[in-house]
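The values are calculated or read from the model by the stated rules, or taken from the named source; none is laboratory data. Keep in mind it's a predicted model, so treat the numbers as computed, not measured. Here the Cβ positions follow ideal geometry from the backbone for every residue, glycine too, while neighbour counts run over all protein chains shown.
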Amino acid sequence: MPFTPASKGTAVRQCAPPPANTVEGYFSILKRGIMGTFHHVSKQHLGRYLDEFDFRYNARDTSDGERAELAVKGVVGKRLMYRDSYLAL
């Protein structure tokens with residue numbers, strides 16, 4: 001990727017934006033999940049919903065079994081109690 005001068009002694013790496021199909025694909029999965037499964041997303045937990053859909057989008061080419069294994073590996077060693085869930089935000 002080419003570098004362009006930004007200011008004295010620094011350079012900025014120019015990055016191409018992601019292809020439109022990639023962005024549209026991600027938002028279609030997000031919209032389908034919110035409209036079809038969750039029906040409502042609060043601002044308080046929006047980050048958690050987005051994390052879930054990031055995982056779904058990044059694991060879209062894996063089989064169901066592999067996706068389940070990835071999800072379980074991500075949970076190992078973590079514990080979240082309901083009373084702590086709203087304090088973490």
Fill in the blank from the handout: Looking across the stretch 45-79 at residues that are within 22 Å of Ser28 (Cβ to Cβ) and basic (Lys, Arg), the single one that is farthest from the chain's Cα centre (by Cα) is Arg67
Fill in the blank from the handout: Across the stretch 62-74, the tally of residues that are surrounded by 10 or more Cβ atoms within 10 Å (Cβ to Cβ) and part of a helix (DSSP H, G or I) stands at 7
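For the stretch 52-61, does any single residue satisfy the condition of being modelled with pLDDT of 75 or more, surrounded by fewer than 10 Cβ atoms within 10 Å (Cβ to Cβ), out of contact with any Cys (no Cβ under 9 Å at 6 or more places or on another chain) and in a helix (DSSP H, G or I)? Step through it out loud before you land on a result.
Restricting attention to the stretch 52-61, the residues satisfying the condition of being modelled with pLDDT of 75 or more are 52-61.
Going one step further and asking which of them are surrounded by fewer than 10 Cβ atoms within 10 Å (Cβ to Cβ), we end up with 61.
In the following step, the residues that additionally are out of contact with any Cys (no Cβ under 9 Å at 6 or more places or on another chain) were identified as 61.
From the residues that got through so far, the ones that are in a helix (DSSP H, G or I) too are none.
No, the stretch 52-61 contains no residue that is modelled with pLDDT of 75 or more, surrounded by fewer than 10 Cβ atoms within 10 Å (Cβ to Cβ), out of contact with any Cys (no Cβ under 9 Å at 6 or more places or on another chain) and in a helix (DSSP H, G or I).
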Problem - Filter pass, His45 being at pLDDT 80 or above and part of a loop (DSSP other than H, G, I, E, B) - result: no
Practice task
Please specify each residue of the stretch 22-36 satisfying the condition of being exposed (fewer than 12 other Cβ atoms within 10 Å of the Cβ) and modelled with pLDDT under 85.
Solution key: Thr22, Val23
Handout entry: Residue match in the stretch 1-12 (condition: part of a loop (DSSP other than H, G, I, E, B), surrounded by fewer than 11 Cβ atoms within 10 Å (Cβ to Cβ), at pLDDT 85 or above and among the small types (Gly, Ala, Ser))
Key = no
